[in-house]
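The values are calculated or read from the model by the stated rules, or taken from the named source; none is laboratory data. Just so we're clear, the structure is a prediction, and the values are computed from it rather than from any experiment. Neighbour counts are summed over all protein chains in view; Cβ atoms, including those assigned to glycine, are modelled from backbone coordinates with ideal geometry.
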Ligand SMILES: Nc1nc2c(c(=O)[nH]1)N[C@H]1C(S)=C(S)[C@@H](COP(=O)(O)O)O[C@H]1N2
Ligand SMILES: [Mo]
């Protein structure tokens, strides 16, 4: 008898009543580690608070009680400057270490909660409250703005920082997304900045650093005004499909379980950043990147900072970075960056910085964590056990992608030989959908969406589409969509092909399982009419049919006309 058996005692085969759920992978969050190595591996973290409340850490050095976080400037509610003040950053970090915070919620190994908001963001709320001062009420203020500015039917994936997307039924009704339905992804609160108090600082390796007011930027004698239709897509779009096959990283910024709606298209109005740089006398030799600063407070690893990323100068030089103050001919909503945001055409949403207050010219890409440690595309074998930030490809242009909005996963579809589908298709980097194809048989036979059923093409936008895909067969089947862009790139077939630890870039074909009932077949039509005559619900399909589908007489008659089941 080995020591493990000994420790289980004389009766090693007593199962807990639900052990079968563990055996079958139905509750992976409760599985222990099966350690077959010679290493000792820690499995709990004593520094976490147990409940939904932060706890004061008894052993932490007491911080500077006179340190109070304040908004930086009058008329700039929700803007605390961190990047200019390393001492302030250090004090905030010290304040942070006084507390134990609860762990992030598990929603990948456990089922995704069925609530709306799906996730609350408890830790993020507590972090703001722990630092205190003018950050205290940021979570409540953010939610108030969401309720004012977003459509009542939004799916709120994360209450704070606010992340939300429109439901499938509303996402592609129009090729231009109404502002209140445009998805929103925030890494912190929603600053409320007065247009009159606002200005934009340009510094770093620009020849003539300047500070420009909104009125300066809007002065058409200085800068030509540009309007452009641009689709913004978050690199986390369709993450739910990756989660449904394999779990990945729950980063500090909770990786919201996005469905297909973290994408939207608007007419953005503003000026080209290239012209503004020119107005600042251009760039010093060797300058290659522009760092963009967003005004809200972001937390990473117990540090407070502003939201900072960068874009290459080559992108700006191509007039593909707008500084925008209007969205669909209306002032930018607060939640979308009022009074000024960047719109980086054909790049992932993360680079289109909202509440943009500073642009700094650099020789190299931003070292801020959103640029250097997040939005990375790892190779399949890189994960918690081995990944380094330098192993991931920094995601800029998204590959070609598409999604089916109707029908819905696991729906029963009764049709007359063709299934009607709607959806979107998009490609990053200034490529556009040339062809969209549907398959009703899991990806063997593909049918093209008629060109007249696709919305018009533009260099930086998606195309919405509708089509009927032939489906003679019945029973469970899988509908797939794929797009070919103008460079003839297309999408991998299986989710596993694009799966990665950061759960970004779900570029595989969107798959929707449906139960096909083809009413153009005589027997199926007769059965459906029978259900109607007897007023018996056809759903759920898993419920056994209550009426007899064949009388005993009919049964006997049929057998009399057939060869017997078994040969002599
Ligand atoms: N200041 C700031 N800008 C930001 C973000 C943010 O959290 N803060 N989120 C980025 C990400 S990840 C995306 S996908 C887009 C979303 O833009 P939207 O909220 O207007 O749809 O904004 C980007 N710009
Ligand atoms: Mo994003």
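Okay, residues lined up against (1) within 13 Å of ligand 1 (Cβ to nearest atom); (2) in contact with a strand residue (DSSP E or B) (Cβ under 8 Å, 6 or more places away or on another chain); (3) not in a strand (DSSP E or B):
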site	(1), (2), (3)
292	yes, yes, no
305	yes, yes, no
315	no, yes, yes
324	yes, yes, no
360	no, yes, no
385	no, no, yes
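Looking at the stretch 121-133 only, could you name the residues that are touching a strand residue (DSSP E or B) at 6+ places or on another chain (Cβ under 8 Å) and either in a helix (DSSP H, G or I) or surrounded by fewer than 22 Cβ atoms within 10 Å (Cβ to Cβ) (or both)?
Scanning the stretch 121-133 gives 124, 126, 127, 128, 130, 131.
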Residue within the stretch 149-158 that is farther than 26 Å from residue 303 by Cβ, assigned to a loop (DSSP other than H, G, I, E, B), at pLDDT 95 or above and touching a strand residue (DSSP E or B) at 6+ places or on another chain (Cβ under 8 Å) present: yes
Pick from the stretch 372-391, criterion within 15 Å of ligand 2 (Cβ to nearest atom) and surrounded by fewer than 22 Cβ atoms within 10 Å (Cβ to Cβ), ranking: farthest from residue 263 (Cα to Cα): 373
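On the basis of being in a strand (DSSP E or B), farther than 30 Å from residue 199 by Cα and either in contact with a helix residue (DSSP H, G or I) (Cβ under 6 Å, 6 or more places away or on another chain) or touching a residue at least 12 places away in the same chain (Cβ under 8 Å) (or both), does residue 343 make the cut?
no
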Filter result (assigned to a loop (DSSP other than H, G, I, E, B), away from ligand 1 (no atom under 11 Å from the Cβ) and either in contact with a strand residue (DSSP E or B) (Cβ under 7 Å, 6 or more places away or on another chain) or within 27 Å of residue 402 (Cβ to Cβ) (or both)) within the stretch 167-196: 167, 172, 173, 174, 175, 176, 178
Close pairs from the stretch 180-198: first over 19 Å from residue 323 (Cβ atoms) and at pLDDT below 95, partner within 16 Å of ligand 2 (Cβ to nearest atom) and assigned to a helix (DSSP H, G or I), Cβ under 8 Å, at least 6 apart: none
So residue 353, is it out of contact with any helix residue (DSSP H, G or I) (no Cβ under 8 Å at 6 or more places or on another chain), part of a loop (DSSP other than H, G, I, E, B) and within 16 Å of ligand 2 (Cβ to nearest atom): yes
Some residue of the stretch 48-58 being within 31 Å of the chain's Cα centre (by Cα), closer than 30 Å to residue 245 by Cβ and surrounded by 14 or more Cβ atoms within 10 Å (Cβ to Cβ): no
Number of positions in the stretch 393-406 that are within 23 Å of residue 520 (Cβ to Cβ) and surrounded by fewer than 20 Cβ atoms within 10 Å (Cβ to Cβ): 1
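Tell me which residues, restricted to the stretch 224-255, are assigned to a loop (DSSP other than H, G, I, E, B), more than 10 Å from ligand 1 (Cβ to nearest atom) and closer than 19 Å to residue 164 by Cβ.
Passing the criteria: 238, 250, 251, 254, 255.
Yes/no matrix, rows are residues, columns are (1) within 12 Å of ligand 2 (Cβ to nearest atom); (2) closer than 22 Å to residue 498 by Cα:
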site	(1), (2)
223	no, no
256	yes, yes
261	no, yes
267	no, no
Candidate set: the stretch 258-278, residues that are out of contact with any helix residue (DSSP H, G or I) (no Cβ under 9 Å at 6 or more places or on another chain) and more than 16 Å from ligand 1 (Cβ to nearest atom); chosen: the one nearest to residue 223 (Cα to Cα): 275
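State yes or no: is residue 61 loosely packed, with under 12 Cβ neighbours inside 10 Å, over 25 Å from residue 164 (Cα atoms) and modelled with pLDDT under 95?
Numbers: loosely packed, with under 12 Cβ neighbours inside 10 Å: yes; over 25 Å from residue 164 (Cα atoms): yes; modelled with pLDDT under 95: yes.
In short, yes.
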Options 368, 350; residue that is more than 28 Å from residue 458 (Cα to Cα), surrounded by 21 or more Cβ atoms within 10 Å (Cβ to Cβ) and within 13 Å of ligand 1 (Cβ to nearest atom): 368
